[in-house]
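Structure first, commentary second.
Please treat every number below as a calculation from the coordinates, not as lab data. Because the structure is a prediction, the values reported are computed rather than measured. No Cβ is skipped: glycine too gets one built from the backbone with ideal geometry, and neighbour counts run over all protein chains shown.
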């Protein structure tokens, strides 16, 4: 098999149930499209059901829609309850949805928007669905991070919600760093639990999506001018997620990204994240804080 992994390498997904957050556009839609084309039942978990239905039609196959607003723990709990009722087993949860570089605002629960959406909402959703994955052989939780986890990134426990000082870039970096720390701590807990469920992370490099729509105007202008040179299509950006989700050789705790210079573009391979992302003490502290903030406890 070629080492240049493409969507053609995705194995048969018939009989599998996959939940993909933020799947009405961009990376999430491309991920859902490929999984559905390979035979999976794919649930597009999206904030706007009407847009979700249109996306499901584009994805084709057995694509369904579940309303999910990650900025509301009430919505997360309602979505998890609906998914649990509809699907006694879940093979794959892809935590893909996200926001980037937003002006400071808060979720309905008072969390800083980027941390609340990108990390805490997914933390809660995973915890509420995990017992549907644990009995399923080879089930996976895939969480999408970013090269941005290296940029001005730290878990600012003394100002986690950016109330005293806020940086769009720093808050995004914190949320994407949190995605990785969550994955690594979850994998450690899964391994200790003795399940075959694994937690894996991925990042898309620089992909042409709507994610940067909240960036400052100067950043958007530069990005638009440089996009043809520095970015890759959403279909290519989704490949690390798809490999993490489906490649039989994947191991828990791995992190997939493009193989090109700077991990900006290319074919998906195992990559490494920043040194601080592997800090066990920080991972465990973040986990405890996330449980306290969301009120969600995991069965592992």
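Would you calculate, for the chain, the mean residue ellipticity at 222 nm contributed by helices, counting each DSSP H stretch of 4 or more residues as -39,500 (n - 2.57) and dividing by all residues, to the nearest 500?
Computed mean residue ellipticity for the chain: -12500 deg cm²/dmol.
By counting other Cβ atoms within 10 Å of each Cβ, how are 203, 9, 193 ranked from fewest to most?
The fewest-first ordering by Cβ neighbours comes to 193, 9, 203.
Which one is right for this structure if Cα Rg over 2.2 N^0.38 Å is calculated from it: (i) 0.91; (ii) 1.12; (iii) 1.00?
Given (i) 0.91; (ii) 1.12; (iii) 1.00, the structure-derived one carries the label (i).
Counting other beta carbons within 10 Å of each Cβ, put 67, 112, 85 in order, fewest first.
Final ranking by Cβ density, sparse to dense: 85, 67, 112.
GNM, the chain, Cα, under 10 Å: largest mean-square fluctuation among 163, 263, 185?
Among 163, 263, 185, the largest GNM mean-square fluctuation belongs to 163.
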